[in-house]
Every structure is written in C-alpha cells, then in structure tokens.
C-alpha cells in the first residue's frame, strides 16, 4: 500500500459545510518532487471524505483515478494505528556507524532522525462484508502538518457516531 504525506486534515463533530462534511483528509505522494509537481497543479492525491451518510475514498495518479463510495449502511467499524520503522532505523544507524567508525554517534543520530520522521499513521474502515479501506499517512515536513493518534482517534469517533446515528434512524 502506498504511503502519503498529509496536505490537509480537517475534522469536526458538526458539519463543516452545506454538503454535511465532517472529515476531509487530503494527502499527496511524499517527496520533494511530488511537492514540486503539486505546486504546478500536477497533483496526484488521495482523500478521505466523511459525510453524514457515506464515506468517500479517492485516489488519483498521473495515469488515472478511482473513487469508492461507501454508504454508512455498509460500514461495520473503523480503525487507526501507527508503525515506526525501528528495524530500518537501527540498520541505518549501524551502517552509518560502521562506515564512519570513529563517528558511531553520528550513525545513532541519523538512525534516530530516520525513526522520528518516518512514523506512519493508518486510518481506515471495515465494511460489513469484511472489505478494508485504509490509507497510510506520514507527517509532512513541507506542509507542516503533524497529525497524531489523537487526531485519528477523533476521526474514528466521528465516523462511529455517524454510523450509530444512521443505524438508529434505519431501525
């Protein structure tokens, strides 16, 4: 699964617009080149939009796009979590330390920086049939977006409240 950096993250327990949007998360491919392309309007993005009665997952690339519309009646649960690349960070630290043996401390610093900057946040939903829709995000240094588990938990709470509200209306 591709990882994205967060361009914007908006979440509210009350609708933010006339369409009834509660959550709007937009990401782009990571890296300086992708950022430069976004500045020129060549912006392959991914987004999650939560409305009162459905969730939209959209992914676009230079070769096309896909959009999934998931009605609240087809959702069963939400999830979030994170991973940190500790194995890669240790390997980077060791390799840097071995290459510059007299600067073993530099290798440790490089490994720690890598570990800190590469935390990946996962946010997703599970449909009634067991289909999982999720997206992996990293923090964006360029856009200055720093999102943590508390923000992801809030998004899950919003979706679950909308799901409970929807189920209460259809019963």
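The values are calculated or read from the model by the stated rules, or taken from the named source; none is laboratory data. As the structure is a prediction and not an experimental result, all values here were calculated from the model. Neighbour counts run over all protein chains shown; Cβ positions are idealised from the backbone, glycine included.
The set of residues in segment 118-129 being at pLDDT 85 or above and surrounded by 13 or more Cβ atoms within 10 Å (Cβ to Cβ) consists of 120, 121, 122, 123, 124, 125, 126, 127.
Every residue, every condition in (1) modelled with pLDDT under 90; (2) within 14 Å of residue 162 (Cα to Cα); (3) part of a strand (DSSP E or B); (4) within 15 Å of the chain's Cα centre (by Cα), yes or no:
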residue	(1), (2), (3), (4)
15	no, yes, no, no
19	no, no, no, no
48	no, no, yes, yes
66	yes, no, yes, no
69	no, no, yes, no
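Just to be sure before I move on: is residue 8 at pLDDT below 90, in a strand (DSSP E or B) and more than 17 Å from the chain's Cα centre (by Cα) in the structure I sent? So residue 8 fails the test.
Among the residues of segment 105-114, not a single one is surrounded by 15 or more Cβ atoms within 10 Å (Cβ to Cβ), over 22 Å from residue 10 (Cα atoms), modelled with pLDDT under 75 and in contact with a strand residue (DSSP E or B) (Cβ under 9 Å, 6 or more places away or on another chain). Of all residues in segment 130-140, none satisfies being under 17 Å from residue 46 (Cβ atoms), outside any helix (DSSP H, G or I), modelled with pLDDT of 85 or more and in contact with a helix residue (DSSP H, G or I) (Cβ under 8 Å, 6 or more places away or on another chain). All conditions but one from (1) touching a helix residue (DSSP H, G or I) at 6+ places or on another chain (Cβ under 8 Å); (2) at pLDDT 75 or above apply to residue 97; the one that does not is (2). Scanning segment 50-64 for residues that are in a strand (DSSP E or B) and within 13 Å of residue 28 (Cα to Cα) yields 58, 59, 60, 61. What do you reckon, is residue 40 within 12 Å of the chain's Cα centre (by Cα) and modelled with pLDDT under 85? For residue 40, the condition - within 12 Å of the chain's Cα centre (by Cα) and modelled with pLDDT under 85 - is not met.
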